[in-house]
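Below: the structure, in structure tokens.
Coordinate-derived values only; no laboratory data. The structure displayed is predicted, hence computed values, not measured ones. Neighbour counts run over all protein chains shown; Cβ positions are idealised from the backbone, glycine included.
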Amino acid sequence: MDLKGIYMASASRYAQSEQLYARCGHSGVMLPKVSLGFWHNFGGVDPYERSRAMTHYAFDHGITHFDLANNYGPPYGSAEDTFGRLMEDDFRPYRDELFISTKAGYDMWEGPYGDHGSRKYLIASLDQSLKRMKLDYVDLFYSHRFDPDTPIEETLQAMVDIVRAGKALYLGISNWPLEPLKQAVTYLREHDAPLLIYQGRLNMLHQNPIEEGILAFCKEQGIGFIAYSPLAQGLLTERYLEGIPADSRMAKDKFLHPYNRTDKLLGYLHELQAQASAHGKTIAQEALAWILAQEGVTSVLVGASSVKQLETNLHAVL
Ligand SMILES: NC(=O)c1ccc[n+]([C@@H]2O[C@H](COP(=O)([O-])OP(=O)(O)OC[C@H]3O[C@@H](n4cnc5c(N)ncnc54)[C@H](OP(=O)(O)O)[C@@H]3O)[C@@H](O)[C@H]2O)c1
């Protein structure tokens, strides 16, 4: 911040570009190997100044990619509202240095048109997202999940049309199984809106994209892969070694639960901690480095509830 309280991005934000950026598949897009997700800690219930400090730290260190979705919050939509406020307060001069994604596919508003994969939902949802985020376009729009009840061509054509309308520059797919993913790749390529990236849950505890052949398929097709919940929502860190901190995600017992903290996990974490400290690293850094070492992975999409956590996570690559 300068003396008038105006955010001035660090002049050295691209100093470590060589270590930080990776090409996203066979595209022209470079992404930071550590990207920042807005699922938790950026909602209307979270302190704005803390969210703001994390985005400043991120951008000041070259983290140019922020990932959102229509229903991140809580309440739904409020992480995008927070982003919109950050745009107004701080990031407008840097719009072209940012790579911003949002998604639609899960429940967002009431009634038959606020969920799943219809053209009606995806297009209306992105229009709402752009308003909340105070953006003319997003860099990347995702189908958040596969909807087996909507014809696949309807979902995919809506995505193509979103690009045609200039509301998104690139397309992504998240959580789709391999077979429909293959159809999507063909359809989008044939319609000149090739798939840029796949977003899937990948970490040392959940390796489905590897086991199901999704990561290998993406690599073979020149599609980038970004790993979400790379720290298994905080399980793959020191956070729960001694108990359940009151301010932790597990204490909220919504997406992460006390029953996830098993003796088996703690045994594994102690082994991992020994391995990490032999490398001069934390558990989180070891866990992130493991993902980034998998062939075909472009970026790890971390969450954080403090600048300190983000700093630790970034040091997995810098
Ligand atoms: N496409 C999808 O369906 C989908 C699904 C889930 C997530 N995502 C995306 O992926 C992003 C990341 O997901 P995630 O938040 O589950 O990621 P994560 O990085 O696995 O977990 C983040 C949480 O771990 C803890 N943490 C992070 N760094 C730490 C450190 N260095 N030391 C100790 N604890 C640490 C914090 O928990 P505390 O809050 O307890 O401090 C933080 O909130 C989301 O924001 C979203 O953009 C996408």
query = Any residue in the range 31-42 that is of a type in the set (S, T, N, Q) and assigned to a loop (DSSP other than H, G, I, E, B)?
reply = yes
request  = Name every residue in the range 47-64 that is without any contact (Cβ under 8 Å) to a residue 40 or more places away in the chain and either in a loop (DSSP other than H, G, I, E, B) or farther than 9 Å from Leu36 by Cβ (or both), in order of residue number.
outcome  = Pro47, Tyr48, Glu49, Ser51, Arg52, Thr64
message = Checking the condition of a type in the set (Ser, Thr, Tyr) and under 23 Å from Phe66 (Cα atoms), which residue from Ser277, Ser306 passes?
response = Ser306
inquiry  = Just checking, does the range 277-290 include any residue being part of a helix (DSSP H, G or I), in contact (Cβ under 8 Å) with a residue 12 or more places away in the chain and more than 12 Å from the ligand (Cβ to nearest atom)?
reply    = yes
task = Pick out, from the range 138-236, the helices (runs of 4 or more DSSP H) lying fully within it that include 3 or more residues that are of a type in the set (S, T, N, Q).
result = none
inquiry  = Quick check on the range 297-313: of everything there that is within 11 Å of the ligand (Cβ to nearest atom) and polar (S, T, N, Q), which residue is nearest to Ile214 (Cα to Cα)?
reply    = Ser299
task = Check off (1) polar (S, T, N, Q); (2) part of a helix (DSSP H, G or I); (3) touching a residue at least 24 places away in the same chain (Cβ under 8 Å); (4) more than 7 Å from the ligand (Cβ to nearest atom) for Gln294 and give me the number that stays unchecked.
result = (2)
query = Do we find that Tyr7 is over 23 Å from Leu171 (Cβ atoms), surrounded by 14 or more Cβ atoms within 10 Å (Cβ to Cβ) and of a type in the set (Ser, Thr, Tyr) in this structure?
reply = yes
